[in-house]
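Trainee: Got a structure for you, written out below as structure tokens; questions coming shortly.
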Amino acid sequence: MNSHLAGRRRFVLVLGFLTGLAAVTIDMSLPAIPGMVQELATTMAAGQQIVGWFMAGIALGQLPAGLMSDRIGRMPVLYTGVAIFTIAGTLCAVSTSIEIMLVARFFQGIGASVGIVVSRAIVRDIASGKDAARLLTIMVMIFTAAPMLAPIVGSFLVTWFDWRMPFFAIALFGGLMIYGVSRGLTETRQPVRDQHILRQLVMSIAEFFRYRRSILGVLLVMLTAGGFMAMITGSAALIIDIYGYPVAAFGIIFAMGAFGILVGSMINRRLLLRFSPMQIMGVGAALIGIAAVQMLIIAWRGEAPFWWLWSNVGLYLAGTGMLLPNATALALDPVPAIAGVAASIIGTLQNVAAAASSIGSSLLYDGTISNVVLTMGICGAGVVVTYFVGSQLLRTPKTMP
């Protein structure tokens, strides 16, 4: 195990940015949606689908990426994925129709999926248990800068140039990541090709789902992601269309909510010195549950002061910062031999949930706040129930590992 790599700042920094490829791509493009909708002569519902189709690409790309990184090594797969991300990003920036944009975003998501999967697999290659949770937390803290800064940068680029500039900036970020991978990372996986590729895939999936910890971890990741992605998808419509804030203010407002992830991640890192990941996950689930109850109340009322709604977004994301790294580490911990496929299973299911939530909430958008917050409230309630039931099952006599 290359445990010494976890102490290299450049190594961890590059892993953090790879994990944040999706966040940068989504959040920087959000302020561009109204201008894009107008120039490409489409609807707001169709425009919001640039998030959902991007997430669909991430969901479909992760399993092949994880399997191939187990078979041929992490680095070749990583270079290929980031290159696809960069090329597709350039196509997004020059799109002349919403159809071309959505296709390009789908392939951009496939490229981004590689960074997410391989970075998590590398963590499991070099660490386990609390050490893996700490490393994942540091990565979350690094890519938290993306949802805080990316919409601000995106708003600035749209205001001073036009809606295409955020997409050019995203493509440039992809090019910089290719350089960062070449300078900051090294191979952590010995290729394994002793089985037919399909047999290896089937056996790896079966191995992952043998473990209660893996099942509980991935369920918590899915529900948490489904909740915050529904809000992210509808944030431009909510902040600009419904509450009437200017595009220039969108980035700052969005960052105020996203600050919750940073706070939650910082608290999580401290608590890991004294408490178990399961205990900290309980605190995160409780915060998400409190926010979810209030979101359901807001959905039922059909109206709310913006400060009330957005403070609960921040509370939900604070719980996310505490729950997500620990749930990921919990799911990866029992399966070091298949870390690539395991990371891809987690990522695939996470992004299937996120994509379904994103596309569903965009299709349900009717100009009111109810449908924007309802999905977040339902998913948050699901997090609480799943954590409570799952933690009880882990304490009972086991019929499975």
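Trainee: From the list 26, 50, which one is among the β-branched types (Val, Ile, Thr) and more than 14 Å from residue 97 (Cβ to Cβ)?
Mentor: Numbers: 50 fails: more than 14 Å from residue 97 (Cβ to Cβ).
Result of the check over 26, 50: 26.
Trainee: Can you name the number of the only condition in (1) open to solvent by 20 Å² or more (accessible area, probe 1.4 Å); (2) under 18 Å from residue 85 (Cβ atoms); (3) not aliphatic (A, V, I, L, M) that residue 43 fails?
Mentor: (2)
Trainee: Output yes when any residue across the range 371-379 is over 24 Å from residue 229 (Cβ atoms) and open to solvent by 60 Å² or more (accessible area, probe 1.4 Å), and no when none is.
Mentor: Looking through the range 371-379, none of the residues is over 24 Å from residue 229 (Cβ atoms) and open to solvent by 60 Å² or more (accessible area, probe 1.4 Å).
Trainee: Oh, and also: Does any residue of the range 90-109 turn out to be open to solvent by 10 Å² or more (accessible area, probe 1.4 Å) and under 16 Å from the mean Cα position of the chain (by Cα)?
Mentor: Taking every residue of the range 90-109 in turn, at least one turns out to be open to solvent by 10 Å² or more (accessible area, probe 1.4 Å) and under 16 Å from the mean Cα position of the chain (by Cα).
Trainee: Within the range 67-80, is there a residue that is of a type in the set (Ser, Thr, Tyr), open to solvent by 10 Å² or more (accessible area, probe 1.4 Å), more than 30 Å from residue 204 (Cα to Cα) and touching a residue at least 24 places away in the same chain (Cβ under 8 Å)? It would help to see each step written out before you state the result.
Mentor: Just the residues of the range 67-80 that are of a type in the set (Ser, Thr, Tyr), to begin with: 69, 79-80.
If we keep only those that are open to solvent by 10 Å² or more (accessible area, probe 1.4 Å) as well, we get 79-80.
From what's left, more than 30 Å from residue 204 (Cα to Cα): none.
No, there is no match, as no residue in the range 67-80 is of a type in the set (Ser, Thr, Tyr), open to solvent by 10 Å² or more (accessible area, probe 1.4 Å), more than 30 Å from residue 204 (Cα to Cα) and touching a residue at least 24 places away in the same chain (Cβ under 8 Å).
Trainee: Can you name the residue in the range 140-167 that is among the polar types (S, T, N, Q) and either over 16 Å from the mean Cα position of the chain (by Cα) or modelled with pLDDT of 80 or more (or both) and is also least open to solvent (accessible area, probe 1.4 Å) among such residues? Outline the logic, then answer.
Mentor: Just the residues of the range 140-167 that are among the polar types (S, T, N, Q), to begin with: 144, 155, 159.
With the extra rule that they be either over 16 Å from the mean Cα position of the chain (by Cα) or modelled with pLDDT of 80 or more (or both), the set shrinks to 155, 159.
Working: 155: 3, 159: 77 Å².
Among residues in the range 140-167 that are among the polar types (S, T, N, Q) and either over 16 Å from the mean Cα position of the chain (by Cα) or modelled with pLDDT of 80 or more (or both), the one least open to solvent (accessible area, probe 1.4 Å) is 155.
Trainee: Another question, then. Looking at 312, 326 in this structure, which one is under 16 Å from residue 217 (Cβ atoms) and in a helix (DSSP H, G or I)?
Mentor: 326
Trainee: Every residue in the range 302-314 that is open to solvent by 10 Å² or more (accessible area, probe 1.4 Å) and touching a residue at least 12 places away in the same chain (Cβ under 8 Å), please.
Mentor: 302, 303, 304, 306, 308, 310, 314
Trainee: Among the listed residues 219, 271, 317, 287, which satisfies the condition of being modelled with pLDDT of 85 or more and either open to solvent by less than 30 Å² (accessible area, probe 1.4 Å) or under 15 Å from residue 375 (Cα atoms) (or both)?
Mentor: It is 317.
Trainee: Answer yes or no as to whether residue 213 is open to solvent by 10 Å² or more (accessible area, probe 1.4 Å), over 20 Å from residue 373 (Cα atoms) and without any contact (Cβ under 8 Å) to a residue 60 or more places away in the chain.
Mentor: no
Trainee: Going by the conditions given, is residue 337 surrounded by 18 or more Cβ atoms within 10 Å (Cβ to Cβ) and part of a helix (DSSP H, G or I)?
Mentor: No.
Trainee: Within the range 222-254, track down each residue that is hydroxyl-bearing (Ser, Thr, Tyr) and surrounded by fewer than 24 Cβ atoms within 10 Å (Cβ to Cβ). Lay out the reasoning, then the answer.
Mentor: Of the range 222-254, the ones hydroxyl-bearing (Ser, Thr, Tyr) are 224, 233, 235, 243, 245.
Scanning the range 222-254 gives 243, 245.
Trainee: On the basis of being open to solvent by less than 30 Å² (accessible area, probe 1.4 Å), in contact (Cβ under 8 Å) with a residue 12 or more places away in the chain and within 19 Å of the chain's Cα centre (by Cα), does residue 299 make the cut? Walk me through how you get there before you give the answer.
Mentor: Numbers: open to solvent by less than 30 Å² (accessible area, probe 1.4 Å): yes; in contact (Cβ under 8 Å) with a residue 12 or more places away in the chain: yes; within 19 Å of the chain's Cα centre (by Cα): no.
Criteria not met by residue 299.
Trainee: Shifting gears a bit: Quickly run through the range 2-40 and pick out the residues that are more than 22 Å from the chain's Cα centre (by Cα), open to solvent by less than 10 Å² (accessible area, probe 1.4 Å) and modelled with pLDDT of 80 or more.
Mentor: Matches in the range 2-40: 36 only.
Trainee: Is there any pair linking a residue in the range 158-174 that is charged (D, E, K, R) to one that is open to solvent by 40 Å² or more (accessible area, probe 1.4 Å), with Cβ under 9 Å and at least six apart or on different chains, and which?
Mentor: So the pair list comes out as 162/39; 164/39; 164/94.
Trainee: Tell me which residues, restricted to the range 295-309, are outside any helix (DSSP H, G or I) and out of contact with any Ser or Thr (no Cβ under 8 Å at 6 or more places or on another chain). So that I can check it myself, show each step before the final result.
Mentor: The initial filter retains those residues of the range 295-309 that are outside any helix (DSSP H, G or I), namely 302-305.
Across the range 295-309, the qualifying residues are 303, 304, 305.
Trainee: Quick one: in the range 274-284, of everything that is open to solvent by 50 Å² or more (accessible area, probe 1.4 Å) and not charged (D, E, K, R), which residue is farthest from residue 316 (Cα to Cα)?
Mentor: Among them, the one singled out is 275.
Trainee: More than 24 Å from the chain's Cα centre (by Cα), open to solvent by 40 Å² or more (accessible area, probe 1.4 Å) and charged (D, E, K, R): does that describe residue 183? Explain how you work it out, then say what you get.
Mentor: Details: more than 24 Å from the chain's Cα centre (by Cα): yes; open to solvent by 40 Å² or more (accessible area, probe 1.4 Å): yes; charged (D, E, K, R): yes.
The answer is yes for residue 183.
Trainee: Since residue 392 meets every condition but one in (1) modelled with pLDDT of 75 or more; (2) surrounded by 13 or more Cβ atoms within 10 Å (Cβ to Cβ), which condition does it not meet?
Mentor: Single failed check for residue 392: (2).
The values are calculated or read from the model by the stated rules, or taken from the named source; none is laboratory data. Source: prediction; values computed, not measured. For neighbour counting, all protein chains shown are included, and Cβ atoms are generated from backbone atoms with ideal geometry for every residue, glycine included. These accessible areas exclude ligands, DNA and RNA; they are computed on the full protein's heavy atoms, side chains included. Shrake-Rupley method; radii C 1.70, N 1.55, O 1.52, S 1.80 Å.
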